[in-house]
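Q: Pasting in a structure now, in structure tokens, and then I'll have a few things to ask.
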Amino acid sequence: MQDSWKAGRKLTIEYGVRHSIWPPWKSRWGSLAEFLPAFYDASKAPVVDRAGGFITSGDPYDGIVLPGCGVPKEEGGRFPVLHTGQFDRLYHCLPEGLAETHYGVFQPRVGLAYALTPKTAFRAGIGMFANRAAINRDTALGGNAPFQPQTTVINGSADAPTGATPRLFPFTLTSQDPVFKIPVAWNWNTTFQRDIGWGTTLEVGYVGRRGIHNQRKRNINQLLPGTIQANPGVNVNALRPFLGLGILGLAENSGLSTYNGLQVSIERRFATNLHFGVAYTYSRSEDNTSSLTDVLPNSYDDRAYWGLSDFDRTSVFIANAIYDIPFLKGSSSWMTRILGNWELSGVFQAQSGTPFSVRNNVDYAGVGAGSGNQFWNLSGDPSLEPTAFTDSAVWFNKAAFTVPTAGTCGVQPRNSLRNPGFWNLDGAVRKNFPTFERQLLQFRFEVFNVFNHPNWGGANANPTSGSFGLVTSKSGNRALQLALKYIF
């Protein structure tokens, strides 16, 4: 529902509300399975061998559930094992998508435009916007037991992980939060726009965003820090909170994010053979998860894991121009066809580098596999003057980072370092040959990276690597391209 109100000669107000009902995605054949803590019975937990990490007795499916009250008719016998009665205990009349349907997703929004003067306008708006949650590929593809059992073998042999005697190792599963709230964001903005003459407009604006219920993933079967060190010789599977199960990745919509940006642009409409635009954004984006594939360590609380977004770029500058050379333009003579109708264009872009942290996949904290990379301690000043680029360059002070004490989590602000920035200029020359009526044959000569400027790759953030702290790669070789294009 949306409406517009002309509140005055200079003021217009737009307002409305949108309502969305998005049932969770489901499997028509009922081939979803996941682990839900509410159905785990600790009194019936499997017995796990403390040295080998395999199950010696008990129900390995403790806590694993299937959707619905039984095998759906649409399944049509595709999964014979479901008809044996072996897994009837996994049905609990749960929703077909193993998550709730949210009916109260109302998204209000309001905006206004006010003409301060005939050449100056002020605009502002705020609104809430919802987004359908993406399908979880691990559960959607039947990647969980009993349909596709997966295990992670800890401290086993790669060629014969079970030894001479067949062993059953705890299942590795990915689950979805049974509540699974709809991701929403509050967006707001204010903009001043001014016509400065010569067909040119200046615009200065502020844009803000607050993201709620962002998707992230964490291992809910992670050990407390120091558990492995306190139990030498004991397999991690014998120490997990949900005994009898391995890594349990939970996809949940519980992340938060914020964005604040200043946006300035100048644009000249195409007139007298010239168009150009210049835009600059100064912004900051922060969150506690930037990627759906991030695994959030349970040992880090939200405040400790909060930091710059992985994709944050403080400054972004873009300029573009098109110039239609007026020499011998608009005439139908043979001289114009041969010598006239040339165009020049170019695009320049420069932006800050992306942020990163110093961490690797070594389990210093003693929490077990499945919880992502772990931070090193920041114990000094990482900043320094980068060395001159040759084949590589020292980008930050690697001595500022130290390995965490065994059994503890490293302390380091997330994404406190930043990779090299980027800039590039592309240019093009075009010659138009009029043919029939409004049809054209266009010759194009395009140059990508006009100055053959090298843009350096990201710094090596793995503290156990021999090139730790170095930038060793680049991109951005000049490329030339010739083309013919027929426009009709």
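The values are calculated or read from the model by the stated rules, or taken from the named source; none is laboratory data. Predicted model, so just to flag it, every value in this text is computed and none were measured. Glycine gets a Cβ as well: all are built from the backbone with ideal geometry, and neighbour counts include every protein chain shown.
Q: Going by the structure shown, is Glu203 over 28 Å from Ala124 (Cβ atoms) and among the acidic types (Asp, Glu)?
A: Answer is no for this residue.
Q: Determine whether the range 272-280 contains at least one residue that is on the phi > 0 side of the Ramachandran plot and outside any strand (DSSP E or B). Can you show your working first?
A: Pass one, the range 272-280, residues on the phi > 0 side of the Ramachandran plot: 272-273.
Now drop any that are not outside any strand (DSSP E or B), which leaves 272-273.
Checking the range 272-280: at least one residue is on the phi > 0 side of the Ramachandran plot and outside any strand (DSSP E or B).
Q: Please specify each residue of the range 412-428 satisfying the condition of being part of a loop (DSSP other than H, G, I, E, B) and over 24 Å from the mean Cα position of the chain (by Cα).
A: Restricting attention to the range 412-428, the residues satisfying the condition of being part of a loop (DSSP other than H, G, I, E, B) are 412-416, 419-421.
Selection gives nothing.
Q: Here are some residues: Gly255, Gly277. Which one is free of Cβ contacts under 8 Å to residues at least 60 places away in the same chain, crowded, with 17+ Cβ neighbours inside 10 Å and under 22 Å from Gln193 (Cβ atoms)?
A: On the way: Gly255 fails: under 22 Å from Gln193 (Cβ atoms).
Criteria check complete, one pass: Gly277.
Q: I need the full set of residues from the range 108-141 which are surrounded by fewer than 16 Cβ atoms within 10 Å (Cβ to Cβ), assigned to a loop (DSSP other than H, G, I, E, B) and at pLDDT below 75, in order please.
A: Ala134, Leu141
Q: Quick check, is Leu239 surrounded by fewer than 22 Cβ atoms within 10 Å (Cβ to Cβ), touching a residue at least 60 places away in the same chain (Cβ under 8 Å) and within 21 Å of Thr172 (Cα to Cα)?
A: So Leu239 passes the test.
Q: Which count do you get for residues in the range 257-289 that are acidic (Asp, Glu), under 19 Å from Arg418 (Cα atoms) and at pLDDT 95 or above? Spell out how you get there, then give the answer.
A: At the first step, the residues of the range 257-289 found to be acidic (Asp, Glu) are 267, 286-287.
Restricting the remaining residues to those that are under 19 Å from Arg418 (Cα atoms) gives 286-287.
Subset that is at pLDDT 95 or above: 286.
Number satisfying all stated conditions: 1.
Q: Which residues, counting only those in the range 316-337, are more than 23 Å from Leu274 (Cβ to Cβ) and either at pLDDT 70 or above or part of a loop (DSSP other than H, G, I, E, B) (or both)?
A: Across the range 316-337, the qualifying residues are Val316, Ser332, Ser333, Met335.
Q: Moving on to the next point. So how many residues does the range 336-360 have that are over 20 Å from the mean Cα position of the chain (by Cα) and touching a residue at least 12 places away in the same chain (Cβ under 8 Å)?
A: Of the residues in the range 336-360, the ones over 20 Å from the mean Cα position of the chain (by Cα) are 336-350.
Add one more test, that the residue is touching a residue at least 12 places away in the same chain (Cβ under 8 Å), and what stays is 337, 339-350.
Total meeting the criteria: 13.
Q: Which of the residues that make up the range 208-236 are free of Cβ contacts under 8 Å to residues at least 60 places away in the same chain and part of a strand (DSSP E or B)? Steps first, answer last, please.
A: Of all residues in the range 208-236, those free of Cβ contacts under 8 Å to residues at least 60 places away in the same chain come to 208-210, 212-213, 231-232.
Once the filter is applied, which keeps residues that are free of Cβ contacts under 8 Å to residues at least 60 places away in the same chain and part of a strand (DSSP E or B), the range 208-236 yields Gly208, Arg209, Arg210, Ile212, His213.
Residue-by-condition table, conditions (1) under 25 Å from Ala113 (Cα atoms); (2) surrounded by 15 or more Cβ atoms within 10 Å (Cβ to Cβ); (3) not small (Gly, Ala, Ser):
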| site | (1), (2), (3) |
| --- | --- |
| Thr174 | no, yes, yes |
| Val179 | no, no, yes |
| Ile182 | no, yes, yes |
| Asn187 | yes, yes, yes |
| Gln193 | yes, yes, yes |
| Trp198 | yes, no, yes |
| Arg209 | yes, yes, yes |
